[in-house]
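Notes to accompany the following structure.
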Amino acid sequence: MNFTRKTARLMSLTLTLVMALALLAVGLVVATGVFSSVLQVPAASDLVQSNYGLTLLSKWVLMLPLLGLGALHYLAAEPGRLQWATQGWAGFMQRLNWPRSVRQEALFALVVLFAAATLPATPPPVPENARGGVAAEVQQVEVNGLTVSLSVNPGAVGANSYDVRVLEAGQAAESVSQVTMRLVYPQYNRYRMPFALDLAEAGLWVGASGDVDRAATWDLWVDIQQTDGTMTRAAFPWHFVAEVEDASTRQPTWANWLAALFLISVAGVGLAPGVRRLNQRLRPTPLQLYIAALALGLTLLVIVAGRFIFQDTSARVREQRDPPAENPNPILADQASLEQGQALYARECLACHGPQGAAPAAEVPPLVPALAQQADEDLYRWLARGFLGRHPYGQDLTETERWHLINYLRTFETLR
């Protein structure tokens with residue numbers, strides 16, 4: 001049954017009224033679909049090598065006939081849209097069997113809707129690094145017949161976990177009774193109190209702390225107490241970052257940028273009629289448009305400049321509140337440094353201050369309370385210049401010897 005001219009005109013009017021909304025809806029669906037697809041399928045090879053990619057291609061195969069029929073009806077609904085077409089193509093469009101083609105479009109729409117409800121059950125491909133798995137950095141030192149390995153996770157400002165493995169002759173060291181750790185950052189006078197690690201399994205000691213408050217290279221001291229009473233120090237310079245990079249993320253590709261641009265363009269097309277109507281109602285003069293553009297530009301400039309000014313001011317305030325050390329300790333407090341410092345202490349200090357700085361004589365103040373309150377540069381100043389007119393301490397020592405002695409004195413501080 002052929003449509004009458006009046007019926008065809010009514011259908012044309014109906015299609016014309018809803019076509020703008022339909023075009024916007026289809027554009028948004030396609031734009032968001034493309035944007036989401038390039039996020040889940042970063043490489044073209046994934047389209048044929050993963051079930052998700054094959055499912056995505058199936059969706060496009062189903063969508064293209066539906067979009068084609070929709071475009072056909074859109075062109076046929078208004079004769080003026082066929083002015084560009086050839087005479088044969090225009091005649092074909094005018095002889096279009098509307099009832100049958102509309103039914104075909106509706107049938108395709110039902111098939112696509114059913115597929116849209118079924119195919120999303122296929123999960124996207126899981127990248128190899130989806131869990132953000134990054135191999136933890138491991139450092140290892142050999143000291144006094146022990147092999148000491150340290151790993152830190154995540155290695156950033158804030159809380160970190162520490163795994164220390166102690167081996168002896170390739171086997172878990174059974175002679176270890178306790179392992180303690182201390183974090184030190186001499187450049188900013190950070191001397192965290194030592195804390196004990198827990199024995200997780202034979203040869204493996206674990207612990208955690210939130211002592212790192214600056215992204216920098218800290219000194220990690222691992223003190224290994226053995227059953228015979230000896231203490232061995234393994235020292236590790238360890239760089240902590242401000243934030244841990246998420247290995248499950250990646251930098252956007254050109255496809256991501258094009259998809260985002262396509263999505264923004266579709267949104268702009270949808271907003272254009274409203275903006276046009278608003279412009280017709282307000283009827284701004286060129287001067288008003290110029291003032292509005294100038295105000296917008298100045299606002300953006302103030303926001304961007306203010307951000308940089310705020311960052312610079314915050315950094316300067318932080319440096320004023322937490323200034324760096326003027327004379328930081330340049331020598332890593334490893335086992336070799338402690339042995340030299342112990343020899344110097346036995347020669348220069350033991351007679352008065354006693355073992356572990358306990359000060360057996362009443363007239364000699366103990367060293368331990370003062371150590372926790374003073375920075376390395378303060379201790380160095382006392383050794384170099386003397387203190388309150390008392391004995392000259394280490395004025396006869398070389399600069400390197402003073403630092404070795406200070407490193408040894410730090411071993412007197414107790415666990416927290």
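The values are calculated or read from the model by the stated rules, or taken from the named source; none is laboratory data. No experiment lies behind these values; they were computed from the predicted model shown. Methodologically, a virtual Cβ is constructed for each residue, glycine included, from the backbone with ideal geometry; neighbour enumeration extends over all protein chains shown.
Results, tabulated for the structure shown:
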read-out	value
Of all residues in the stretch 369-414 being hydrophobic (A, V, I, L, M, F, W, C) and touching a Lys or Arg at 6+ places or on another chain (Cβ under 7 Å), the one that is modelled with the lowest pLDDT	Leu371
Which listed residue, of Gly297, Gly270, Gly274, is modelled with pLDDT of 85 or more, assigned to a helix (DSSP H, G or I) and under 41 Å from the mean Cα position of the chain (by Cα)	Gly297
Subset of the stretch 13-44 [more than 19 Å from Ala260 (Cβ to Cβ) and either modelled with pLDDT of 70 or more or of a type in the set (A, V, I, L, M, F, W, C) (or both)]	Leu13, Leu15, Leu17, Val18, Met19, Ala20, Leu21, Ala22, Leu23, Ala25
Close pairs from the stretch 170-189: first on the phi > 0 side of the Ramachandran plot, partner surrounded by 14 or more Cβ atoms within 10 Å (Cβ to Cβ) and of a type in the set (A, V, I, L, M, F, W, C), Cβ under 6 Å, at least 6 apart	Asn189/Ala325; Asn189/Ala375
Residue within the stretch 315-335 that is touching a residue at least 24 places away in the same chain (Cβ under 8 Å), part of a helix (DSSP H, G or I), among the small types (Gly, Ala, Ser) and surrounded by 12 or more Cβ atoms within 10 Å (Cβ to Cβ) present	no
Residue that is outside the structural domain of Ala196 (by TED's automatic domain parsing) and more than 30 Å from the chain's Cα centre (by Cα), where the choices are Gln288, Gln225	Gln288
Checklist (1) buried (at least 17 other Cβ atoms within 10 Å of the Cβ); (2) within 28 Å of Ala315 (Cα to Cα); (3) modelled with pLDDT of 90 or more applied to Leu150, failing item	(2)
Ala247, sole failed condition from (1) modelled with pLDDT of 85 or more; (2) under 30 Å from Val34 (Cβ atoms)	(1)
Residue satisfying all of: in the stretch 215-232; aliphatic (A, V, I, L, M) and surrounded by 18 or more Cβ atoms within 10 Å (Cβ to Cβ); farthest from Val179 (Cα to Cα) among these	Leu220
Subset of the stretch 196-249 [aromatic (Phe, Trp, Tyr) and in a loop (DSSP other than H, G, I, E, B)]	Phe240
Residue within the stretch 344-359 that is out of contact with any helix residue (DSSP H, G or I) (no Cβ under 8 Å at 6 or more places or on another chain), closer than 21 Å to Tyr185 by Cβ and either modelled with pLDDT under 85 or outside the structural domain of Ala235 (by TED's automatic domain parsing) (or both) present	no
Conditions (1) at pLDDT 80 or above; (2) surrounded by 12 or more Cβ atoms within 10 Å (Cβ to Cβ): number failed by Ala169	(2)
Residues within the stretch 341-355 that are out of contact with any Leu (no Cβ under 8 Å at 6 or more places or on another chain) and assigned to a helix (DSSP H, G or I), tallied	8
Unique residue being closer than 30 Å to Gly33 by Cα, among the aliphatic types (A, V, I, L, M) and in a helix (DSSP H, G or I) when the list is Ala292, Ala255	Ala255
